[in-house]
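One structure is given below, encoded as structure tokens.
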Amino acid sequence: MQIEVRPTLVLNNQAKGGVPIDLVWLSQLLRDIGRGNSLISASKKSSTSYRSAWGKMNDVEAALGMPLITRTKGHGSKLTKLGEFLIEFIDEMQAGYVEHGSAYQDTLLKEIKKIQKTDSRKWKFLSSSDSIIQRAAAEIKGFDLKIAGSGESLEKLLSNEAHIAGYHVSDERSSKAIHHRLSKNDIQIYPVMKRTQGLLVKKGNPLRISALYDLVNPKIRFINRQIGSGTRLLLDGLLIEEGIDPSEVNGYLHEEFTHSAVANAILADKADVGLGVKNIAIENGLGFIPLKDELFFIAMHREMVAQSEASKLIRKIRSYSGDTPGYKAVGLNRQIEGWL
């Protein structure tokens, strides 16, 4: 990309408004005429049509109130004193520009390239479904967020198909295993928040659901999360602890991909209960039966740590989680003792 900054004369013409005239072009045109060339010849050399050059010349003369050239039929055109003065005046302006203006031009070009590079950069961010994650990522330029399960997000990070991953775990053993694998691949891990998962039910809980074991009731329609999501893993772990066979749960194979989608299904009476975070229940006016707290982590490659966007993202997530019901900001090692 090349940029050239040139002086311009702006004519305040009532009919046409502010008409800009390139002074470098005008100087070259006048100089050619002063050397004995006709306006037709001079306009061709300036890569301007005769009609356009004639119109611009008339505009300048009208604005200045004096002619720049005298036109004699059969003898061509000659410069007036004002025309000669303008050539000298523009030359002096250009000399000053060459001395000082090139620095401004270089600064302008460098800054444009810098901004273009920043605006075009997109950090690939895969994360488990969470409204706080989505809100924080949307407010920081440079992130291309895709909602995916915790498992898929981590696999994409490990295969270098993502720069950052967001995942959540609900037990110390799983957390340590994930931490060990990520650390072996030189990936940094940051705890950002604690949230509560539980059963989302209709307002007033008309079916009197109180525990996970109520899901074996064939009259209760359950809606699940997709395979690979952290919430699906949490449910399967809880079912094992309760000794419940998934086939006993009416709707275990009915899947949605986000907490909000589960809430919407319940609101639309497509299901009676599903697993999700407390904040989604509050936002949608649903009932909530807490089951388990879990930790949410942000993981990234070491080179990503140095990027200012990464630290901004973590700060925003912690800030929003500290102000949102059902969440708690996490940032100190003592808060996650035994999890890593």
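Averaged per residue, what accessible area in Å² does the chain show with a 1.4 Å probe, protein chains only? Solvent-accessible surface per residue comes out at 55 Å². R31 exposes around 70 Å² of accessible area when a 1.4 Å probe is run over every protein chain in place.
Database remark: amide H of F288 closer than 5 angstrom to the amide H of V201 (H placed geometrically; neighbours at sequence offset of 5 or more, or on other chains; Pro and chain starts carry no H).
In this structure, the amide hydrogen of S129, modeled 1.01 Å from its nitrogen in the peptide plane, lies closer than 5 angstrom to those of A148, counting only residues at least 5 positions away or on a different chain.
Of all aspartates and glutamates in the structure, those lying under 14 Å Cα to Cα from K45, and not within fewer than 8 positions of it along the same chain, are D32. For the residues Y252, Y50, Y167, a 1.4 Å probe over the protein chains yields an accessible-area ranking, largest first, of Y50, Y252, Y167. 3J(HN,Hα) couplings calculated from phi for region 266-274 with the Karplus curve 6.51 cos²θ - 1.76 cosθ + 1.60 (θ = phi - 60°) are, in sequence order, 5, 5, 8, 6, 8, 7, 9, 7, x Hz; Gly and Pro show x. Separation of the alpha carbons by more than 28 angstrom is noted, of K110/K184; K110/K316; K176/K292; K146/K219, for K110/K184; K110/K316; K146/K219.
Extension gain, D106-E161: 0.36 nm per intervening residue step, less the Cα-Cα distance, totals 16.2 nm. Protein-only accessible surface at a 1.4 angstrom probe places the residues K45, K81 in the order K81, K45, largest first. Within the straight-line cut-off of under 27 Å between alpha carbons, the lysines reachable from K44 are K16, K56, K73, K78, K81, sequence neighbours fewer than 8 places apart in one chain being disregarded. Using the rule -39500 (n - 2.57) for each DSSP H run of four or more residues, divided by the residues of the chain, the 222 nm mean residue ellipticity is -13000 deg cm²/dmol.
Report which label in [x] 5, 21, 25, 19, 16, 11, 3, 0; [y] 5, 26, 36, 25, 7, 0; [z] 5, 19, 19, 12, 7, 8, 11, 11, 7, 2, 0 holds the value of P(r) over Cα pairs in 10 Å bins from 0, in percent derived from the coordinates of this structure. Step by step, P(r) over Cα pairs in 10 Å bins from 0, in percent for this structure corresponds to label [z]. Heavy-atom accessible area, probed at 1.4 angstrom with all protein chains present, ranks S311, S210 as S210, S311, highest first. Here the chain has 51 percent of its accessible surface on carbon and sulfur atoms, given a 1.4 Å probe and all protein chains in place. Scoring 34-43, 122-131 by mean Cβ neighbours within 10 Å over their residues and listing the highest first yields 122-131, 34-43. When the chain is described by a simple charge dipole with +1 on each Lys and Arg Cβ and -1 on each Asp and Glu Cβ, the residue from I187, I223, M57 located farthest towards its positive end is M57.
The values are calculated or read from the model by the stated rules, or taken from the named source; none is laboratory data. Since the model is a prediction, treat every value here as computed from it, not as a measurement. So basically every Cβ, Gly included, is an ideal-geometry build from the backbone, and we count neighbours across all protein chains shown. These accessible areas exclude ligands, DNA and RNA; they are computed on the full protein's heavy atoms, side chains included. Shrake-Rupley method; radii C 1.70, N 1.55, O 1.52, S 1.80 Å.
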